[in-house]
1. I need the phi-derived Karplus couplings for the stretch 208-214: 6.51 cos²θ - 1.76 cosθ + 1.60, θ = phi - 60°, integer Hz, Gly and Pro marked x.
2. Just to be sure I understand: with springs between alpha-carbon atoms less than 10 Å apart, which residue in 64, 122, 104 has the highest mean-square fluctuation in the Gaussian network model of the chain?
3. Let's test this: bin the Cα-Cα distances of the stretch 156-203 at 5 Å from zero up to the farthest pair and state each bin's percent.
4. Roughly what % of DSSP beta bridges within the chain run antiparallel, to the nearest 5?
5. Taking a probe of 1.4 Å, how large is the accessible area per residue of the chain, in Å²?
6. Report the gain in length on full extension from residue 113 to residue 53: 0.36 nm times residue separation, minus Cα-Cα distance, nm rounded to one decimal.
7. Using 0.36 nm times the number of residues separating residue 99 and residue 122, minus their current alpha carbon distance, what extension gain do you get?
8. Once every Cα of the chain carries one equal point scatterer and solvent is ignored, give the base-10 log of I(q)/I(0) from the Debye formula at q = 0.08 Å⁻¹, two decimals.
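The values are calculated or read from the model by the stated rules, or taken from the named source; none is laboratory data. Values in this document were obtained by computation on a predicted structure and should not be read as measured data. In this analysis, Cβ positions are derived from the backbone assuming ideal geometry, glycine residues included, and neighbour counts consider all displayed protein chains. Accessible surface areas use protein heavy atoms only, side chains included; no ligands, DNA or RNA. Shrake-Rupley method; radii C 1.70, N 1.55, O 1.52, S 1.80 Å.
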Amino acid sequence: METKIAEIAPGIYRLSTWVAQIMPPAGFTFNQFLVMAEEPLLFHCGHRKMFPLVSGAVSKLMPVEKLRWITFGHYEPDESGAMNLWLAAATRAQVAHGAIGCQVILGDAADRSPRSLADGEVIDLGGKRVRHLDTPHVPHGWDARVLYEETTGTLFSGDLFTHEGNGPAIVESDISEAAMKSDRRSGATCLTPQTAPTIRKLAALKPKSLAVMHGSSYRGDCAGALSALAEDYERRLRN
């Protein structure tokens with residue numbers, strides 16, 4: 001396996017590892033995102049066993065020890081498995097997550113105390129600004145959240161828009177249909193009456209690009225893609 005590096009927005013890098021054995025024959029990508037700024041931020045830690053690959057990719061862009069913030073969509077092995085390895089490698093780094101995740105999980109699981117973020121709270125990274133948005137159970141996990149980088153209009157959408165394959169780092173063709181098909185197969189999204197309204201709130205941000213954890217990232221009509229995803233989940237919940 002190898003971890004490939006691609007810049008998907010100014011100063012935002014996708015670190016992607018394709019695993020052929022998962023969801024064959026297309027395989028499955030596991031993507032982390034590095035936000036370069038005065039206080040660099042990593043969104044998704046990756047699996048613990050992938051740490052050498054992902055940290056090696058980060059080291060090609062900057063010294064790992066300069067990492068300041070460690071973040072992820074929700075607490076799960078592919079999002080947070082290597083969390084404490086990153087904390088050990090970057091001694092200035094701090095995990096930043098929503099209040100629910102900090103109270104329920106991270107206050108105990110993280111080797112250093114995390115920073116608890118209120119819904120809508122912004123961290124000024126110096127050259128970049130990330131806004132924390134609570135999305136409980138969307139796509140799954142009580143502690144689920146997304147980050148919105150305001151200067152580039154990049155929404156770090158986590159497991160939303162998951163799709164199989166090893167496509168380009170970023171595409172301009174709509175990924176919503178592929179994501180809908182993938183979720184119907186996997187059943188990974190927690191469908192509740194709040195699923196569609198939560199996604200529509202993200203659409204209202206009108207992001208310019210979506211940083212997708214599994215699959216290609218997307219640049220284009222992101223509000224339209226989010227709205228289409230919300231409509232599909234709403235329809236499935238009714239049926």
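1. 8, 8, 10, 8, 9, 6, 10
2. In the Gaussian network model the winner is 104.
3. Result returned by the calculation: 4, 16, 28, 29, 15, 6, 2.
4. 70
5. Counting only protein heavy atoms, the per-residue value for the chain is 42 Å².
6. Gain in length upon complete extension: 19.0 nm.
7. Fully extending the segment from residue 99 to residue 122 adds 6.9 nm.
8. -0.26
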